[in-house]
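See below for the structure under consideration.
Computed from the coordinates by the stated procedures, all read-outs in this text should not be read as laboratory data. On a predicted model such as this, the values are computed, not experimentally measured, just so you know. Here the Cβ positions follow ideal geometry from the backbone for every residue, glycine too, while neighbour counts run over all protein chains shown.
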Amino acid sequence: MANNSNSKNTAPKKYKKQHKATPPSSTPEVSRTTSSHPPISKANQPGAKFNQPVASAEHQKLVAQTIQQKRAKFALEQVQEAPNDTKFNGKEFISYSGALPAMIHMNGLGQTAAFFRSKTDSGEHQRLYRILSAWLIKDQQPYSRYTDLLEGITQGSMTDYRLAQIEAIALMEWIKRFSKAFIENKEDTSHAPSVL
């Protein structure tokens with residue numbers, strides 16, 4: 001027994017210091033892997049926060065392009081269809097469609113629409129009113145609940161009116177461009193002298 005105790009005491013002091021047992025702590029040691037915060041989701045990780053707005057912006061751009069394309073398509077169809085009417089006057093149509101966006105901007109959609117609707121002696125005033133009305137009462141347009149533009153203007157809300165005015169100006173810009181491109185060029189070529 002004495003030999004055993006002596007052998008324990010003869011161990012180098014260095015060794016005893018290095019392997020000295022640490023006293024138990026009153027507070028448990030917190031592991032580095034555990035945290036009081038929930039784990040970071042993929043959407044909240046650094047770098048991922050930019051993915052959501054980019055996707056949303058792209059989606060909004062696609063939706064906006066689709067509305068622009070629908071508007072342009074409708075305007076092109078109306079301009080190409082107008083000369084099929086025997087009473088069609090190309091010069092008047094180009095002139096009135098060119099003035100219409102500025103008239104809406106200065107006088108408002110209501111007064112401009114009422115003025116064009118009242119011009120019963122002019123087929124092109126009536127035609128442009130019908131084009132505006134047909135577009136603004138379409139599905140997903142401000143006056144889709146009504147059957148006529150003036151009905152929507154007089155019975156709809158102010159919010160609908162403002163949206164309709166913006167939409168009317170945007171549509172008439174397309175009508176103006178297409179009428180200059182297709183009707184004016186068509187009339188120029190029809191009056192051009194034939195080369196024998």
- Message: To check my understanding: the extent here is largest minus smallest coordinate of the Cα atoms along each principal axis. What are those three numbers for region 87-191, in Å, largest first?
- Response: 48, 25, 25
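If you stretched the chain out fully between M158 and H59, how much longer would it get, using 0.36 nm times the residue separation minus the C-alpha to C-alpha distance? Before the final figure, lay out the partial values.
On the way: separation 99, 0.36 × 99 = 35.64 nm, distance 2.83 nm.
That pair, M158 and H59, stretches by 32.8 nm at full extension.
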- Note on the structure: Going from the fewest other Cβ atoms within 10 Å to the most, one would list R71, R162, R127 as R162, R71, R127
- Based on the Cβ-Cβ distance of F182 and N107, what FRET efficiency does E = 1/(1 + (r/R0)^6) give at R0 = 30 Å, to the nearest 0.05? 0.60
- Task: Kindly state, to the nearest 0.05, the FRET efficiency for T120 paired with A170, given R0 = 22 Å and r defined as their beta-carbon distance.
- Result: 0.20
